[in-house]
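To start, the structure under review is shown below, and the notes come after it.
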There are 2 protein chains.
Amino acid sequence: MLPPSTTLGTSFARVTVIGLGLIGSSVAHAVRAQMPGATVTGYDADPEVRAVAQAMHLCSDVADSAGAAVIDAELVVLCVPVGAMGSAAAAIRDDLPAEAIVTDVGSCKASVLAALTDALPGVTIIPAHPVAGTERSGPEAGFASLFHKRWCIVTPPDGADPVAIERVSAFWRRLGAEVELMAPDHHDRVLAVTSHLPHLIAYTIVGTASDLEEVTRSEVIKYSAGGFRDFTRIAASDPTMWRDVFLSNKEAVLEMLQRFSEDLSELQRAIRWDKGDQLFDAFTRTRAVRRSIIEQGQDDARPDFGRSDH
Amino acid sequence: MLPPSTTLGTSFARVTVIGLGLIGSSVAHAVRAQMPGATVTGYDADPEVRAVAQAMHLCSDVADSAGAAVIDAELVVLCVPVGAMGSAAAAIRDDLPAEAIVTDVGSCKASVLAALTDALPGVTIIPAHPVAGTERSGPEAGFASLFHKRWCIVTPPDGADPVAIERVSAFWRRLGAEVELMAPDHHDRVLAVTSHLPHLIAYTIVGTASDLEEVTRSEVIKYSAGGFRDFTRIAASDPTMWRDVFLSNKEAVLEMLQRFSEDLSELQRAIRWDKGDQLFDAFTRTRAVRRSIIEQGQDDARPDFGRSDH
């Protein structure tokens, strides 16, 4: 066991957060809550978001440019959509201190690592992905406990400095997360199934339901408690972020989608040909997965997500 | 506005619940909570379930046979899987009082109406579907407030007695539900999209995720907070119930599934060909649906279903 990171002098005194949406603002809140000695400098490309962050006193300081935001940073956390990582990195290149570490929170890791390596030659880059979020967006959506007991997957490039890896890992642990190391490609396949495919399917079914002729939109909404409403939550997530995720993790998403479509066709065929036993078996084994998720503290055990207060 | 149903003498003094799973036990709880003057007789084909119900004092009385359970019933509520409705009805036929009304809670209405009409010639049958539930099953899963502020769709057959329709509607309103009348076929199309298709998709994706080779089951569970866990809740629902739903509402489910698959293929193609604008547009319009569901009180407005307590 390592002693607490501060005694090793590995903690960061000056953290810069670039991108102040749900995740960036949650990082800012969490740093202020969990690392009282650190200063947090924020920046967002959108002046309105900067003004909101300023008014909220989200950060110690909100800078007027990406360069000014990183000028004395020890750690830079890029919290922009994955498609914008390259340009966000390019915008800080000239002002980044030589010893600074750059990390990010993107949902795809291979493409982000490539973009950051390309934009920031010679810089210590330790990408990460906190598997946490809500369907809300923007600087006002963040909160300090977002990462609490969630996993943060750190995906260092081959040959990365072990001290830098440990400092970034310790940072996320300070914010409440449990840290796992993973190769970027493997991360992208895992997340394709646990996150990207579920979002794509949720977006699809909500779209399908909106386009029916015989069943009205108001009927869909009225009777959504039968199951549909569960899908609408993640289909309310940020469209820019998700557009970028699908384009950035294309191969893995398309492969998972192919498997899903095959499995769906099999159940479709079972319904068409009245194969009740096959349906029963398929619906039985899925219960065990839910049980494991609850046992491992990754979801609320209360029925109906605790919606019905009883 | 009608005065409260009791003053019209339309309330039921003796209610029999056949099938004491999640819904049946919730009906029993709700009747005892909301209709203190009424007796509730329960029956379940499974002797273990009867013993649990007995031990819980779920009903005024738990009968040893379906016939004995209905012998003096004014209202019989069939709460068995939709595929078992016909045999449950046949089991009460000989003992059912002539003036009793039979209703049910099945998730498919055309097939249930046909099965009940067939099994109970000359009986007043007013099918209904409370659009409420959780992923739990069994007599211990029920609770009195399950139907509170949820919709109950009453689907009377052509030419049904208006007084009987109103009595069944008033019963559900007493249990806390809001009642809507609908033709059985239309009900089945509406629920195919708001409930049946979501369940089929959830069961499928949980199965797909369980079958991967490169990504382990434990990784799927560990990183499920990225979206996947939302699907596991409804994929933990009762397998017998859902097998029956898909076989009973086959045509409508297959049609919705066809539309869903077309829409999914379109998004798949957009990903493959880097059509970011198309993805962005698709992901933007789905947000409005979530907003409407929350505005109409059909879901919890708290982010992440209120899981993160902040």
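The values are calculated or read from the model by the stated rules, or taken from the named source; none is laboratory data. Remember, predicted model here, so these are calculated numbers, not experimental data. Methodologically, a virtual Cβ is constructed for each residue, glycine included, from the backbone with ideal geometry; neighbour enumeration extends over all protein chains shown.
Quick rundown of the values:
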quantity	calculated
Within the range A:143-170, considering residues that are of a type in the set (Ser, Thr, Tyr) and in contact with a His (Cβ under 9 Å, 6 or more places away or on another chain), the one farthest from A:Ala110 (Cα to Cα)	A:Ser145
Test for A:Ala236: is it of a type outside the set (D, E, K, R), in contact with a helix residue (DSSP H, G or I) (Cβ under 7 Å, 6 or more places away or on another chain), more than 20 Å from B:Pro130 (Cα to Cα) and at pLDDT below 95	yes
Residue count, the range B:147-174 (criterion: over 18 Å from B:Glu99 (Cβ atoms), among the aromatic types (Phe, Trp, Tyr) and in a helix (DSSP H, G or I))	1
One residue from B:Val179, B:Val206 being touching a residue at least 12 places away in the same chain (Cβ under 8 Å) and under 21 Å from A:Lys222 (Cβ atoms)	B:Val179
Enumeration of residues in the range A:64-81 that are surrounded by fewer than 20 Cβ atoms within 10 Å (Cβ to Cβ) and in contact with an Asp or Glu (Cβ under 8 Å, 6 or more places away or on another chain)	A:Gly67, A:Ala68, A:Ile71, A:Glu74
All positions within the range B:153-168 that are touching a residue at least 12 places away in the same chain (Cβ under 8 Å) and surrounded by fewer than 23 Cβ atoms within 10 Å (Cβ to Cβ)	B:Pro157, B:Ala160, B:Asp161, B:Val163, B:Ala164, B:Ile165, B:Glu166, B:Arg167
Any hit, the range B:283-297, residues being in contact (Cβ under 8 Å) with a residue 60 or more places away in the chain and in contact with a Ser or Thr (Cβ under 7 Å, 6 or more places away or on another chain)	no
Whichever residue in the range A:255-271 is within 23 Å of the chain's Cα centre (by Cα) and within 8 Å of chain B (Cβ to nearest Cβ) and, among such residues, is farthest from A:Asp188 (Cα to Cα)	A:Phe260
Hits in the range A:293-310 (condition: in a helix (DSSP H, G or I) and either surrounded by fewer than 16 Cβ atoms within 10 Å (Cβ to Cβ) or over 22 Å from the mean Cα position of the chain (by Cα) (or both))	A:Glu295, A:Pro303, A:Asp304, A:Gly306
Set B:Val193, B:Val220, B:Val206: member being surrounded by 24 or more Cβ atoms within 10 Å (Cβ to Cβ) and touching a Ser or Thr at 6+ places or on another chain (Cβ under 7 Å)	B:Val206
Residues of the range B:273-282 classified as farther than 16 Å from A:Gly83 by Cα and at the interface with another protein chain (Cβ under 7 Å from one of its Cβ atoms), total	1
Residues located in the range A:193-215, provided they are under 26 Å from the mean Cα position of the chain (by Cα) and more than 7 Å from chain B (Cβ to nearest Cβ)	A:His196, A:Ala202
Output for the range A:115-133, where each listed residue is assigned to a loop (DSSP other than H, G, I, E, B) and buried (at least 23 other Cβ atoms within 10 Å of the Cβ)	A:Ile126, A:Pro127, A:Val131, A:Ala132, A:Gly133
First in the range A:44-71 and without any contact (Cβ under 8 Å) to a residue 12 or more places away in the chain, second anywhere and among the small types (Gly, Ala, Ser) and outside any helix (DSSP H, G or I), Cβ under 9 Å, 6 or more apart	A:Gln54/A:Gly42
Verdict on B:Phe228 being aromatic (Phe, Trp, Tyr) and under 27 Å from A:Val215 (Cα atoms)	no
Close pairs (6 angstrom Cβ cut-off, 6 or more residues apart or separate chains): more than 7 Å from chain A (Cβ to nearest Cβ) in the range B:134-150, hydroxyl-bearing (Ser, Thr, Tyr) anywhere	B:Pro139/B:Ser25; B:Gly142/B:Ser25; B:Gly142/B:Ser26
Unique residue being crowded, with 23+ Cβ neighbours inside 10 Å, more than 27 Å from the chain's Cα centre (by Cα) and either part of a loop (DSSP other than H, G, I, E, B) or not acidic (Asp, Glu) (or both) when the list is B:Ala236, B:Ala252, B:Ala282	B:Ala282
B:Leu267 vs. criteria assigned by TED's automatic domain parsing to the domain that holds B:Ile205, under 30 Å from B:Ser111 (Cα atoms), in contact with a helix residue (DSSP H, G or I) (Cβ under 7 Å, 6 or more places away or on another chain) and of a type outside the set (Gly, Ala, Ser)	no
So A:Ser248, is it touching a Gly at 6+ places or on another chain (Cβ under 9 Å), over 29 Å from A:Asp304 (Cβ atoms) and not assigned by TED's automatic domain parsing to the domain that holds A:Val131	yes
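Residue-wise test of (1) more than 14 Å from B:Trp172 (Cβ to Cβ); (2) without any contact (Cβ under 8 Å) to a residue 12 or more places away in the chain; (3) surrounded by fewer than 24 Cβ atoms within 10 Å (Cβ to Cβ).
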{"site": "B:Ser11", "(1), (2), (3)": "no, no, yes"}
{"site": "B:Leu20", "(1), (2), (3)": "yes, no, no"}
{"site": "B:Ser25", "(1), (2), (3)": "yes, no, no"}
{"site": "B:Ala30", "(1), (2), (3)": "no, no, no"}
{"site": "B:Gln34", "(1), (2), (3)": "no, no, yes"}
